[in-house]
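Here is the structure we will look at, set down as structure tokens.
What follows draws every value from the coordinates through simple rules; no lab data is involved. All values reported here derive from a predicted model rather than from experimental measurement. In this analysis, Cβ positions are derived from the backbone assuming ideal geometry, glycine residues included, and neighbour counts consider all displayed protein chains.
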Amino acid sequence: MIQDAIAVTVAIIPGLLICWYIYKMDKYEKESRLQLAITFGLGMLITIPVMYIERNASEMGWDDHSSIGPLLFSSFIIVALTEEAIKYLVLLAYPYHRPFFNEPMDGIVYAVMIGMGFATLENILYATQYGLGTTLIRAFTAVPAHAAFAVIMGYFAGLSKFAFLPKNQRWLLMLGLLAPWLVHGLYDVFILQEAYESLMILALVVLAVSIFLARRLMLEQQENSPFKD
């Protein structure tokens, strides 16, 4: 019982720490904590349908990772596309069109809140099922991966809202889904493949590059904030 409580606590902490970090990075025009909590909650809500879709795909035998075709389909379509598309729909459906979304940096902030809501509930469910060991591993892999993918998503979504030309807006909106989907899918390919254990190290390379890129994108939007002066 105590070990389960510890595992759930460990499952919650990484997502909240990342949310706090993103909140601090949004230096020049802080978002309402209520709106941040709402988007975090929406991210938690979508975890259930996403996991339902993924579980049903598994029961139908669509998660065979022993050969390249099924592996790519599982990684890029069942997992990466399902998760990133639903998170992106939430971003566009709620904060994107609201008046408080008033600078490109807000795309990153709200995308990360959605992503961390999703990752936190997912982590809690994994903690209750697989225990502390798996939860600790996910704290340093899956949760920061979701955060990095969300930053990439939010970066392009934020740019799209304030693009002057409609064609640029459409292109940036497309990149807001396409970029995190491809990175997420590539990460999953290396995690899920069963042929060569040594290839799993490449998932860590993808994760490290994604985190590095995400930080660069955040610093860029922070520096370019219209509220800086």
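I'd like the chymotrypsin sites (Phe, Trp or Tyr not before Pro) in region 68-165 restricted to DSSP loop residues with at most 10 other Cβ atoms within 10 Å, sorted by number.
Details: sites: 73, 76, 88, 96, 100, 101, 110, 118, 126, 130, 140, 149, 155, 156, 162, 164; in loops: 96, 100, 101, 140, 162, 164.
Here the sparse-neighbourhood loop sites are 164.
I'd like the orientation of helix 142-161 relative to the chain: the angle between its Cα long axis and the longest Cα principal axis, in ° from 0 to 90, rounded to 10.
It is inclined by approximately 30 degrees.
Rounded to the nearest 500 deg cm²/dmol, what is the calculated helix-only ellipticity per residue at 222 nm for the chain, with -39500 (n - 2.57) per DSSP H run of length n ≥ 4?
Calculated from helices alone, the mean residue ellipticity at 222 nm is -25000 deg cm²/dmol.
To the nearest 0.05, what FRET efficiency results for residue 20 and residue 163 with a Förster distance of 41 Å applied to their C-beta separation?
0.85
Could you give the length gained by full extension between residue 28 and residue 171, i.e. 0.36 nm per residue of separation minus their alpha carbon distance, to one decimal place?
48.7 nm
Once the mean 1/r over all distinct Cα pairs of region 39-179 is inverted, what Kirkwood radius in angstroms do you read off? Don't skip to the end; give the middle numbers.
Values: mean 1/r = 0.0632 Å⁻¹.
About 15.8 Å for region 39-179.
In whole Å, how far is the Cα centre of region 110-174 from that of region 26-51?
11 Å
Report the label-to-label distance for residue 141 and residue 227 in nanometres (one decimal), using points 7 Å from each Cα along the Cα→Cβ vector.
3.7 nm
Assuming R0 = 22 Å, can you tell me the calculated FRET efficiency for the pair residue 51 and residue 182, based on Cβ-Cβ distance, to the nearest 0.05?
Given R0 = 22 Å and the Cβ-Cβ separation, E is 0.50.
Would you mind checking the tilt of helix 47-59 against the longest principal axis of the Cα atoms of the chain, expressed as 0 to 90 degrees and rounded to 10?
30 degrees
Which aspartates and glutamates, on any chain, are close to residue 24 with Cα under 19 Å apart, when same-chain ones fewer than 8 places away are left out?
103, 106, 220, 223, 229
Each residue of region 115-129 in order: what ³J(HN,Hα) in whole Hz does its phi give by Karplus 6.51 cos²θ - 1.76 cosθ + 1.60, θ = phi - 60°, with x for Gly and Pro?
In residue order, the calculated couplings are x, 6, x, 4, 5, 5, 5, 4, 5, 4, 5, 5, 4, 6, 8 Hz.
Straight distance only, please: which lysines reach the Cα of residue 167 with their own Cα at less than 29 Å, same-chain residues fewer than 8 apart left out?
Residue 167 reaches 87, 228.
For the chain, which longest stretch is free of loop sites, where a loop site is one of the trypsin sites (Lys or Arg not before Pro) that DSSP puts outside H, G, I, E and B and that has at most 14 other Cβ atoms within 10 Å?
It runs 31-227.
Mind pulling the angle between the C-alpha long axis of helix 2-25 and the longest principal axis of the chain? Nearest 10 degrees, somewhere in 0 to 90.
On a 0 to 90 degree scale, this one is about 30.
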